[in-house]
Each structure stands twice: as C-alpha cells, then as structure tokens.
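These notes are about the structure you will find just below.
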Amino acid sequence: MKFPTIKPPSFLLPQTPVLAENERPPAPGYSLRSVFDDNEAGKRYLDGYSLPTAQVSERESATLHLDISGFMNNLLSPQNQSGFNLRIANQQADTVLQRLDRDQQLSLKMNQDLLLDSDFIALAAELSDEELNQFVSVATSLHTSPSERHQQTSISGKSSSIKKFTETLSELDGEDRSQVLAQASYFSKKVPPANNDTYDIQGKNSGTNNSAANNQLHNFIMAVNNSEEPRKLLNDLAGYDEEQQAQLLNVLSVSTSLGNELISQLGDFEKKEQEIILDYLGDIAGKIQPTGQKSLDMAAFDPYMALEEVSRLDSNRLAMLEDTIGLLKHYQFSKEQLAETFGELKNMGEADQQAYLKITSTGLEQILGLPESDAGESAEKIDLYEHPQALETITLLRSDSSIRELVTKSALGNKVRNEENQQVYTLKDQISAEKDQNTMIKLLTTDAWIRTQNDKDTDSSEQSHRLAGALLELKAEHRDELVEKIASYAENEAPLKRLSRQELNQSYSNSYARTSTLANNGEILNLLDSELAWMENEDVNNAFWQINALAEEQGDMLFGVIDATPELIRNQLTRHFANRADGVFNGEFGRNLAKNEIDEFIDFMLNEPDKDKKQEYINDMTGQDIPLYWQQMSTAGSDERTDIENQAWETYNNGQAENPP
C-alpha cells in the first residue's frame, strides 16, 4: 500500500509581524515558534514547524509514522501556553543569541523550546558568557537519549532534565552554580556527536546517543536536580576516579537516598573493596529506570510471569540495591568476607542473586538484629568477625540452590502454564510477596540456627536442604499457609543470638519440631494427612510433631505401632515420646539414646506376640506401672464403669494424673 509523501514545510517566512503588548499570537498550528537573526543571510528563520498547506504527491510512497511524543511536546511548548507574548519572547531570545557564537546559536536553534522558556531567559541574564556557553552545550547533549533508561529530554515537559536543571541552577548561589556548570560542561564535552543518520524501522531518526559519556551526563544532571546539597555532591564525587563516579551516578540516578548512603558507607573501605562494591552496584543500577522515569509495571497488566521475567522487574532490582547497601550500613565485613560475598554473587543468575542477598539481609537481622545506639549517637556496626556462627548459618542457607529457589518462589503464586504452554507463575501483590518471602527466610534461618545450637552432630546443611525440598513440593498457597502456621508458634521476636538456650528452646520448640519433621519425612503430603488424626487439641498436635521430629525416618512406623495400642496405652506412649523429644531438644537426653529407644521399642512391639509382655515392656520404658488388666479397662464402655471410675480415667487420659486408676 502506498502512502502519500508530505513534503516538509518551508522555514523561510516573511518578517515577523509586530504585535501589540497585549495581543495574542496566531492560533497554534500557524504561529512562529522561535527566531534568531542570521547576519549572513539577513533574513528571519523559523526553528519550529509552521503548517502551510501540505503538498501531496500520490505517486510517491513513504512510511507513515505518528510521532505522539512530538505532538505532546508541541502541545506543551512555551509559545502554546497562556500569557505567552511572541514579540517579547523574540526580543529576549535575540538578546541571548547575540552572546553566543554561531555554533552555539545553531545548537540552541535545535532546542527551540529552551530559547523561548522564561526560566532559561531569566537564568541566562545571571550567567556569564562562559557559563552561558557551558549551559547551552549541556542542554544540547541532554536533548538526545543515551539509552533506554533515559527518556528523550525536552524543555516542554515540566519534569524534563533540562527544565529541572534550569530551575536548580536558578536556586543556587553564584559559586555553587559555577561549579555545577563547570562539571556538567566537563561531562558534556566528552559526549560524541549524536548519530543523526540513524533511523529506526519506521524511518524515524533515532535521536539517540548511546555513549557512556552521554549516559554519565544525564545521570549527573539528574543527581544534581535531586540533590539538596549540590556542592556536597560535587565534593563527594571528587573523591573517586571517573569510572567509579560513573557507577555512583548510576545509583544516584535511581535513588538519591541510596546513593548518598552508599557514598557514606564507602568511606569505611579501602580502594580495592570500593571497586568491588561499586562495580557490582553500578551494574545493577544501570538496568533500572531512573527516578521519575519509571516504565509501566507489567505485573499490573499481566498476572503471570516466568521466573526470568520476574527477576528483571525494576522493583526486584531496586531491592538488590537496598539489601546490599543495608548490609554495608549495619554490618562490618572483613576483606575476606566481602570478597567471598561479591565473588559468589558475580557467578549467579539474577534471580539467584536476589535470593542470596535477601537471605543474607533478612537472615542476619533474624539472628543478630540491627545495630543499636544511645540517643543522639550513631549506631556502631555489628562486626561479623565476632559472630562466626551467625555467618556460617547464613552461608549454608544462601549457598544452597534449592533454598534460593524456595526463597524466590515464596514471593510468587502457583505455577501454571500459559496459552503458549510456557511455565509461568502467578504474581502476588508487592506487600504479600515481601511478607511471605520474609516469613520463609526467618523460618529457614531459625530452623538452621537452633540445629547448630542443639544438634551439633546433625548435618545442618543437609537438613536445611531437605526442608527446602519438602516445601517446594507443595503448591504455593498450601506452602504459604503451612509456613505461616509454623511461624506462629514462635513466642519471642528478639534476635536469636540474644536468647539464652533455655529461652530459645522454650520459644521455638513447637516450630522446630515441625520443621525438623518436614525435613526428615520424605512424604510431606502423607504427613500432613496423618496430622489430621492428631488435631484434638494443641497439646496433642504438638506431641504429634515432636515425636515425628525425634523419630525422623522412623516416624511412620512408630505412629503405626502406637496407633495399634488401646487408647490408654496410646496416651501413655504419646506422653512418653513427646517428653523424650522435649528432653532431647533441651539437651537433657541424648538424641542417639532416644533414637535407639525408638528402634528397640518398634522391634519389640512388632515381634512379641504376648500382650502382657508388651505392657511390661512399656511400663518399664515409660516408668509407669499400669496394671495388666489395661486391655479390658481401656476397651470397656463408659456405661460399664462407675461415675468415679469414668472421672478417674478421664483425668489420666488428659495427662492430669501420673498413674492410671
């Protein structure tokens, strides 16, 4: 299909008509945009787009492209705003242009809206000729887009970099303004000319300049615009070489507060460590849309995403910056610890990096807490060199790929397949995602920490790996519900390291019994089904999990034997093994001794046919002397007993009496 070619309008027009002071210019679409004197030609030229009758040739064909951004900039141009006076604007523009050489005039001609902006005109009157030349040079470079991170900048938008830079300079005193312009001009001179011969698939000029220098200039201007103390910003940047400055400016363009905090923390490190940190964080920040230029969050439009897509969301990359800078702020790392941490991160995919950092940040806070300080004093960092066990616990968690996978998926919903038969995940809202992920990390951290304190003979890394594998078998909604329920048994929110062993065991015995059981039972769904028979009350339910945690892989067999006994004996055995599990957890009874007792009990009960001998064995093991007529009494109906007998048996069955009636 052939489209008509619209010939560009001629920019050569007659002399601009003189307007009365209160007279409005012609309606938009016919008005003159901005002008300057060309002494060589002695004529008046237009910078903008007048719209004479288009000459159309139907024999020619070309690509039709609708420039929406150009239309909006045109609509918002200064000369289209109320109160604009073309005659006065022309006079003021001419005054500015006369102070520039021809090259600068031509540069400013390309940015017509800047030439007619009243804020720029007012600023220009305060600038020296050198400073004016610097500003025009900077503005010309800012008018091209260095990468997808930065939107193409125009003076038309109120939030544009040029517009905000003009306002920022206007608010600075002369000395600060001169320093800022000098630094901006320095960056601007390094920007190579834009490649205006490059066109996109629609035949439109790209208007981009993808050089690192142009990106650095845009980041610097954005940092100045967002800074409350531009002079301090310049002094801070002066302490780093150009490559490090570029990385810092990447972070500052994303978040002024994070960038300032990073600068504050870098002072505690030597140059080599500074390079490691800046190289990592600058690379992450370079992938995030700058402040005020956020792209649409596709999660709002598409509730399903693949893991790789989720890891590329700006919100998740921003969390990487927050977690890393937070760690540097709260904890003192040795050179070796720092090198190990960032070395491991460099060899991981983005989703793994995010989980690794989240485990480190949330896990250390769960174990050690955050630094505390007296009123009016800055908090002293927690030295990780003094807490080797804490870092060892975090290391065994974050180094396990299954645990990182679990942490990543805990922020997502169920796994489904989309119309293209691709494996994707439903997205949670951000609040729910953060809450579920933090709960998961705290649960894993608490489980691993208690094991290192109480079960030193157990391979903690293997147990944590199995726990993660068990939880990964569940659907997201069931996993979230189970983890939330287990976490609710915790009775103390203080950092784990600050709790005595007695306080730790008292607060986390029920939650640890459940995580240990999940780690040791290979059939998590069957285990959860079995739990339904032990939901009579919380004590009974706790006993179920405590015994399972003690029995480990023998849990199913042990409960099978217990369930085969009459109710009275079943209660006797349940109380015994629950107490035994509690004793092991509190360090009062050896784990190996307890497991041997379970193995011997199962073997005897399965191979001894005589019920009286079974009861004698149970009595001896539990230390309770139940008469040999337990068989008849435990199976007799309540109507065969007296009220006093019924009450006595009820008291015993509820655990309120040590010996049976």
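Of note:
- Residue-normalised convex hull volume from the C-alpha trace of region 220-268: 66 Å³ per residue.
- Debye, to nearest 20: dipole size of region 296-520, +1 on Lys, Arg Cβ, -1 on Asp, Glu Cβ: 400
- GLU308-GLU275 pseudo-label distance in nm [points 7 Å out on the Cα-to-Cβ vector]: 3.2
- Virtual paramagnetic centre 7 Å along Cα→Cβ of GLU523, amide N under 14 Å, in region 470-487: none
- Cα centroid of region 108-127 to Cα centroid of region 449-523, whole Å: 65
- The label-point distance for ASN414 and GLN91, in a model that sets each label 7 Å from Cα toward Cβ, rounds to 7.4 nm.
- Measuring against 21 Å, Cα to Cα, the residue pairs LYS190/LYS272; LYS109/LYS163; LYS164/LYS232; LYS442/LYS595 contain LYS190/LYS272; LYS442/LYS595 as the ones spanning a longer distance.
- Label-point gap, in nm, between GLU567 and ASN541 - each point 7 angstrom along Cα→Cβ: 2.1
- Ranked packing of 175-187, 604-616, most packed first, by mean Cβ within 10 Å: 175-187, 604-616
- Neighbour-limited loop hits for trypsin sites (Lys or Arg not before Pro), region 420-457 (at most 15 other Cβ within 10 Å; DSSP other than H, G, I, E, B): LYS456
- Reduced Cα scattering model of region 345-486, Debye log10 I(q)/I(0), q = 0.11, 0.18, 0.22 Å⁻¹: -0.46, -1.07, -1.41
A short reminder: the numbers here are calculations on the coordinates, not readings from a lab. This one's a predicted model, so the numbers in the text were calculated from it and none came from an experiment. Using ideal geometry, Cβ is built from the backbone for each residue, glycine included, and neighbour counts are taken over all protein chains shown.
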